[in-house]
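Taking it in order: structure first as structure tokens, then the write-up.
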Amino acid sequence: MQKLAIALLATAFACPALAEEKPVELKKAPGLETVEGNCGACHSLDYIPMNSPFPNAALWDAEVGKMIKAFGAPIDDTDAKVIADYLKKNYGS
């Protein structure tokens, strides 16, 4: 009974927090659909605007490469270029 009460209490506190979460809206530009479809398949798109004050073009290229080589993101070369170009043009320093 105590476990049930704790679970219900935890759910009551968690639900309002989830309801307030706002979807990420990235800049509307060529390549956005490719970014949303590939990057958003594995992680939140919050990382893009959150990290955007820091990366320059070389760092965005490295990030895209890291996602493919280190984390195994199934992104082909054509999409990788589109993603990197989008990030560099819209979120580069």
For this session: Kindly provide the set of residues from region 37-49 that are surrounded by fewer than 14 Cβ atoms within 10 Å (Cβ to Cβ) and either part of a helix (DSSP H, G or I) or among the basic types (Lys, Arg) (or both), ordered by number.
Result: Gly37, Tyr47
Seminar exercise, completed: Scanning region 44-67 residue by residue, those over 14 Å from Lys81 (Cβ atoms) and either aromatic (Phe, Trp, Tyr) or touching a Gly at 6+ places or on another chain (Cβ under 7 Å) (or both) turn out to be Tyr47, Phe54, Pro55, Asn56
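Starting from residues that are among the hydroxyl-bearing types (Ser, Thr, Tyr) and within 17 Å of Glu25 (Cβ to Cβ), keep the ones in region 37-93 and report whichever is modelled with the lowest pLDDT. If you could, list the steps in order and put the result at the bottom.
Restricting attention to region 37-93, the residues satisfying the condition of being among the hydroxyl-bearing types (Ser, Thr, Tyr) are 44, 47, 52, 78, 86, 91, 93.
Then keep just the ones that are within 17 Å of Glu25 (Cβ to Cβ); that gives 44, 47, 52, 86, 91.
On the way: Ser44: 93, Tyr47: 90, Ser52: 77, Tyr86: 97, Tyr91: 92.
My answer is Ser52.
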For this session: Go through region 60-93 and count every residue that is loosely packed, with under 15 Cβ neighbours inside 10 Å, in a helix (DSSP H, G or I) and free of Cβ contacts under 8 Å to residues at least 12 places away in the same chain.
Result: 5
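The values are calculated or read from the model by the stated rules, or taken from the named source; none is laboratory data. None of the values given here were measured: they were computed from a predicted structure. Here the Cβ is made from the backbone with ideal geometry for all residues, glycine too, and neighbour counts use every protein chain on show.
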